[in-house]
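Novice: My questions all concern the structure below.
The values are calculated or read from the model by the stated rules, or taken from the named source; none is laboratory data. None of the values given here were measured: they were computed from a predicted structure. Counting neighbours? That spans all protein chains shown, and the Cβs are built from the backbone with ideal geometry, glycine included. We work out accessible area using only protein heavy atoms, side chains counted, and drop any ligands, DNA or RNA first. Shrake-Rupley method; radii C 1.70, N 1.55, O 1.52, S 1.80 Å.
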Amino acid sequence: MTSLIKKNASGNAENGDANLLINEVVGVPGGIGEAARVGRAAAYDEFLRGLLPARDGVALMAVGGLGRRQCAPYGDLDLVLLHAGVPGTDELAASVWYPIWDAGLRLDHSVRTVSEALSVAQDDVKVALGLLDARLVVGDQALADALTRTAADHWRRTAVRQLPRLREVTAARWQAHGELAFLLEGDLKEAAGGLRDVGLLRAISAAGITDALRPAVRAAHLRLLDTRDALHQQVGRRVDRLVAQERDGVAELLGLEDGDALLRRVAGDARTVSHALDDAFRAADRLRSGRSRGGNGSPVRRPVARDVVEHDGELVLARTAIGARPDPSLSLRVAAAAATTRLPIARATCEWLAAYCPPLPAPWPAEARAALTTLLGAGPGLVPAWETCDRYGLVDGWLPEWTRVRSLPQHNPVHRYTLDRHLVQAAHEASRHAREVDRPDLLLLGALLHDIGKGLPGDHSAVGVPLAETVATRVGLPAPEVALIGTLVRLHLLLPDVATRRDLADPVTIASVAEAVGDSGTLDLLHALVRADAAATGPAAWSDWKGRLVAELVARVRTALDTGVLPEPPAPDPALLAGPLPVVHLTGDRVAVAAADRRGLLATVAGCLALHRLEVLSADASVVDGRALVECRVQPRYGLPADPVPLRADLRRAVAGDVSVTQRLRGRALAARGSGAAPRVVWHREAATDAVLLELRAADAAGLLYRVAGALDEAGALVRAARISTLGADVVDAFYLVGGWPDDATRARLEAAVLAAV
């Protein structure tokens with residue numbers, strides 16, 4: 001492996017025996033674990049002691065990772081040359097810094113007196129935190145003690161006042177780097193829940209505000225340090241971001257099964273750190289602002305629910321609950337109270353519940369079931385209350401299935417959370433739609449369980465059904481409601497899939513959904529669930545266009561369920577049937593074209609739209625009174641709307657057969673082909689009234705609809721509708737081909753044409 005020490009042509013270290021020691025003990029990347037980090041720190045200390053001669057009034061202080069003896073394989077050296085105003089400090093500093101640079105080591109350095117260091121710490125809270133880790137490497141012990149003692153005393157006296165400012169800086173860092181627990185490529189140091197936050201916990205503990213470094217936090221910290229060590233060793237340089245291509249290698253170095261096991265461990269540790277920091281900041285807030293006090297000066301206790309009272313801004317158990325034998329629903333009732341009042345549960349209360357609350361029987365008593373519904377329907381208070389209970393193992397007592405989904409990564413880029421957090425977030429989002437359904441309790445439970453099958457082999461919508469029904473049975477729901485929970489899990493993707501991939505004007509589409517759903521009550525639950533699921537997934541999972549399509553599908557299916565009559569297809573736009581040809585209408589996200597009846601019009605329109613950087617979301621083609629009609633829903637490919645004047649002009653020329661426009665389309669579209677896994681064609685036999693369905697699954701690319709529609713036209717197929725469904729970097733495009741089921745040879749020919757176009 002590459003050494004950190006620069007070598008000359010002969011291969012010898014350039015800076016003598018001390019650098020050879022660094023090369024042998026520290027310079028070779030490797031060594032994971034606390035002993036390795038301490039060993040690196042000792043070797044650095046030995047090297048640095050050889051650079052500064054013994055002298056009164058001068059001390060070389062280590063801060064940062066070296067100060068804490070937590071040196072990563074490729075970490076920086078953070079040093080302060082402390083002096084008591086002795087002359088020649090600049091030259092002395094140069095005699096220390098330059099050998100370090102010559103050794104090829106990264107250095108963060110400063111030269112200060114004790115008063116200067118304390119003055120900077122007064123103005124910069126991050127410097128104040130850094131001084132808490134300062135330790136003497138070599139030099140004047142009394143001078144070093146003066147700095148460390150004074151800095152620690154100053155921090156203890158001012159920490160409560162400085163923490164709000166530090167909290168602002170920390171929030172800005174979190175905003176920039178995100179939450180480590182939910183990132184597929186998180187920064188182990190800067191992201192929320194990372195190593196930087198452990199430093200905050202250490203500082204809060206040093207101030208005596210609260211015992212922030214509990215055993216679970218210490219263990220999480222050590223594992224995060226080990227992960228960073230392994231990442232440095234894997235990459236061969238300093239890096240804190242755990243990128244995808246390095247995960248498996250880092251996991252192997254740590255003795256873990258694979259990259260997903262590593263992500264789960266990092267996520268769990270980050271959540272432990274984040275929860276501890278939230279708790280520590282609350283403790284500081286209580287010290288700073290104080291709470292309502294009674295006549296004897298003690299905090300006021302206010303009942304908020306049965307067996308639950310507020311005490312000094314936190315929820316604790318009533319004395320009667322502690323003295324009596326607790327009932328099994330107590331932990332759920334405390335969680336529900338925390339969620340509805342948006343008050344945190346005291347740490348001691350969580351520990352008591354984890355130790356003494358008896359397990360729930362199967363089936364659950366009605367009180368426990370009601371508490372779960374209250375918890376899931378509490379809105380914004382649900383997530384923090386659930387997270388707190390999960391940190392202390394209470395959720396595993398409610399739902400043993402939770403162990404498998406906890407911190408499970410979701411590699412689809414549209415997902416912003418791990419699976420467990422996504423499920424809880426979906427329940428929170430579902431509470432927004434509780435007034436729209438007959439059974440809000442089933443909506444909330446269905447949202448919590450809708451993806452419970454993920455992480456297991458097979459289609460998670462099918463695999464999750466027996467798991468969800470088992471939970472519903474244990475919770476105590478009657479058999480019909482258990483079956484309904486299973487239906488919600490099995491069909492939770494039905495509405496968005498059909499709305500974006502099928503022709504909603506086709507009666508077969510509506511009839512198939514109505515048959516699957518069965519009744520209007522289930523339809524309402526599915527409609528609410530799909531919106532909650534999308535909101536919990538992330539902004540890329542939903543759009544106004546998708547929302548309109550799903551709402552249109554729900555309205556048509558409701559009509560079929562309520563009346564037994566399938567709705568008629570919408571009539572063509574009368575404006576397209578009047579006036580001289582060609583007709584081009586541009587309205588919002590709608591593009592409508594009428595031209596003389598001819599083949600290939602859909603491909604021509606799609607190509608022209610691609611030329612103007614517009615994505616086609618849906619397309620309908622038909623022939624009415626001798627006119628060929630094409631209507632498309634579009635959106636800008638790169639967020640910038642197309643200029644309607646040149647777009648309208650190009651559409652008119654293209655549909656009229658202008659060869660120059662066609663040549664431009666071919667040149668640009670062919671240059672924009674996508675890449676990725678091998679494309680696939682899937683046929684659906686009875687998905688339409690007067691057509692067969694060809695479904696293309698491929699990588700997304702500009703002009704894809706133009707190329708595929710053109711290929712189908714040249715192969716002799718007539719496309720009457722197309723639906724484009726973009727899923728991250730992939731698409732599922734459905735083409736309605738007019739006519740009956742083609743024979744094997746025709747299907748093979750059409751498949752070959754489509755795949756060649758992709």
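Novice: Enter the accessible area of Cys357 (Å², nearest 10), with the probe set to 1.4 Å and all protein chains included.
Specialist: Rounded to the nearest 10, that gives 30 Å².
Novice: Would you mind calculating the gained length between Arg214 and Leu287 on full extension (0.36 nm times residue separation, minus the Cα-Cα distance), in nm to one decimal?
Specialist: On the way: separation 73, 0.36 × 73 = 26.28 nm, distance 1.98 nm.
In short, 24.3 nm is gained.
Novice: What nm distance separates the two modelled labels at Asp589 and Arg161, each placed 7 Å from Cα along Cα→Cβ?
Specialist: Once both label points are built, they end up 5.5 nm from each other.
Novice: While we're here: Non-local amide H neighbours of Trp364 (under 5 Å, H modeled in plane, Pro and chain starts lacking H): which ones?
Specialist: Val475, Gly476
Novice: Report the calculated FRET efficiency for Glu252 and Ala462 (r = Cβ-Cβ distance, R0 = 30 Å), to the nearest 0.05.
Specialist: Calculated value: 0.35.
Novice: Just the Cα atoms of segment 555-662: what Rg and Dmax do they give in Å?
Specialist: Answer for segment 555-662, Rg first and Dmax second: 15.6, 53 Å.
Novice: What is the helix-to-structure angle for 195-206, meaning the angle in degrees between its Cα long axis and the longest Cα principal axis of the chain, kept from 0 to 90 and rounded to the nearest 10?
Specialist: Result, in degrees: 40.
Novice: Give the residue from Thr537, Pro53, Asn412 lying farthest towards the positive end of the charge dipole for the chain; charges sit on Cβ (+1 for Lys and Arg, -1 for Asp and Glu) and the dipole is referred to the Cα centre.
Specialist: Pro53
Novice: Calculate log10 I(q)/I(0) of the chain for q = 0.11 Å⁻¹, where I(q) comes from the Debye formula with a single equal point scatterer on each Cα and nothing for solvent.
Specialist: Scattering profile of the chain, log10 relative to I(0): -1.17.
Novice: Given +1 on the Cβ of Lys and Arg, -1 on the Cβ of Asp and Glu, and no further charges, what dipole in debye does the chain carry about its Cα centre, rounded to the nearest 20?
Specialist: The calculation lands at about 1160 debye.
Novice: How many lysine pairs does the chain hold where the Cα atoms are under 30 Å apart and the two sit 8 or more places apart or on different chains?
Specialist: Lysine pairs, 8 or more places apart or on different chains, close enough: 4.
Novice: Sticking to Cα atoms, compute the Rg of segment 317-420 to one decimal and its Dmax as the biggest Cα-Cα distance, whole number, in Å.
Specialist: 14.3, 50
Novice: With a 1.4 Å probe and every protein chain kept in, tell me what percent of the accessible surface of segment 436-575 is carbon plus sulfur.
Specialist: On segment 436-575, the fraction of accessible area on carbon and sulfur atoms equals 60 percent.
Novice: Give the percent of DSSP beta bridges with both residues in the chain that are antiparallel, rounded to the nearest 5.
Specialist: Here the share of antiparallel DSSP bridges comes out near 90 percent.
Novice: Taking θ as phi - 60°, what are the ³J(HN,Hα) couplings along segment 459-472 by the Karplus curve (6.51, -1.76, 1.60), each to the nearest whole Hz, with x for Gly and Pro?
Specialist: 5, 5, 5, 7, 5, x, 4, x, 5, 5, 5, 5, 5, 4
Novice: How are the Cα pair distances of segment 358-510 distributed, in percent, across 5 Å bins from 0?
Specialist: So the P(r) values, bin by bin, are 2, 9, 16, 22, 22, 15, 8, 3, 2, 1, 0, 0.
Novice: Could you pull out every residue, at least 5 positions away or on a different chain, whose amide H is within less than 5 Å of the one on Arg106? Hs are placed 1.01 Å off N in the peptide plane, and Pro or chain starts have none.
Specialist: Leu77
Novice: Can you send over the carbon and sulfur percentage of the accessible area for segment 122-179, probe radius 1.4 Å, protein chains only? Walk me through the intermediate numbers first.
Specialist: Details: 1530 of 3010 Å².
Heavy-atom surface of segment 122-179 belonging to carbon and sulfur, 1.4 Å probe: 51 percent.
Novice: How big is Rg to Rh over segment 430-584, alpha-carbon atoms, Rh as the Kirkwood inverse-mean-distance radius?
Specialist: Rounded to two decimals, Rg over Rh is 1.06.
Novice: Now, a different point. Can you give the Rg/Rh ratio of segment 80-187, where Rg is from the C-alpha atoms and Rh is the Kirkwood radius?
Specialist: With Rg and the Kirkwood Rh in hand, the quotient comes to 1.06.
Novice: While we're on this one: Whole-Hz ³J(HN,Hα) for each residue in segment 573-586, computed from phi via Karplus 6.51 cos²θ - 1.76 cosθ + 1.60 with θ = phi - 60°, x for glycine and proline: what do you get?
Specialist: Karplus values, whole Hz, x for Gly and Pro: 5, x, 5, 7, 9, 10, x, x, 8, x, 10, 10, 10, 10.
Novice: Same structure, new question: Suppose the chain between Gln663 and Arg648 were pulled fully straight at 0.36 nm per residue; how much longer would it get relative to their current alpha carbon spacing? Present the calculation step by step, with values, prior to reporting the outcome.
Specialist: Working: separation 15, 0.36 × 15 = 5.40 nm, distance 1.76 nm.
3.6 nm is the gain from fully extending Gln663 to Arg648.
Novice: Ordered by residue, what ³J(HN,Hα) values in Hz, to whole numbers, does segment 46-58 give under the Karplus form 6.51 cos²θ - 1.76 cosθ + 1.60, where θ = phi - 60° and Gly and Pro are x?
Specialist: 4, 4, 5, 5, x, 9, 10, x, 4, 7, 5, x, 9
Novice: Right, another one. For segment 242-388, would you read off the P(r) tail past 28 Å as a percentage of all alpha carbon pairs?
Specialist: Result for the distance tail: 35 percent.
Novice: What relative contact order, as a whole-number percentage, does the chain give when Cα pairs under 8 Å and 6 or more residues apart are counted?
Specialist: Normalised by residue count, the contact order of the chain is 7 percent.
Novice: I've got another one for you. Binning at 5 Å from 0, report for segment 155-300 what percent of all alpha-carbon pair distances ends up in each bin.
Specialist: Each 5 Å bin holds this share of Cα pairs: 2, 10, 18, 19, 16, 12, 9, 6, 4, 2, 1, 1, 0.
Novice: Could you look at segment 196-262 and say what percent of its accessible area is carbon and sulfur, using a 1.4 Å probe and all protein chains?
Specialist: 43
Novice: Please work out how much accessible surface Lys454 shows to a 1.4 Å probe, ignoring ligands, DNA and RNA, in Å² rounded to 10.
Specialist: Lys454 exposes around 40 Å² with every protein chain in place.
Novice: Counting each DSSP H run of 4 or more residues in the chain as -39500 (n - 2.57), what helix-only mean residue ellipticity at 222 nm follows after dividing by all residues, to the nearest 500 deg cm²/dmol?
Specialist: Helix-only estimate at 222 nm: -16500 deg cm²/dmol.
Novice: Hey, can you grab everything whose amide H is under 5 Å from the amide H of Leu315? Only 5+ residues off in sequence or another chain; H modelled, so Pro and N-termini drop out.
Specialist: Placed amide hydrogens put Ile345, Ala346 under 5 Å from Leu315.
Novice: What angle do you read, to the nearest 10 degrees and between 0 and 90, between the alpha-carbon axis of helix 520-537 and the longest principal axis of the chain?
Specialist: For 520-537 against the chain, the angle is about 40 degrees.
Novice: Taking Cα atoms of segment 30-111, Rg/Rh with Kirkwood Rh, to two decimals? Can you show the working numbers first?
Specialist: On the way: Rg = 13.1 Å, Rh = 13.2 Å.
So for segment 30-111, dividing Rg by the Kirkwood Rh gives 0.99.
Novice: Let me ask something additional. Rounding to the nearest 10 and keeping the result within 0 to 90°, find how far the Cα-based axis of helix 744-757 lies from the longest principal axis of the chain.
Specialist: 50
Novice: Between Arg319 and Arg241, what length comes free when the chain is fully extended (0.36 nm per residue of separation minus the Cα-Cα distance, one decimal in nm)?
Specialist: 23.3 nm is the gain from fully extending Arg319 to Arg241.
Novice: If you don't mind, another one. Enter the accessible area per residue of the chain (Å², integer; probe 1.4 Å; all protein chains in place).
Specialist: 42
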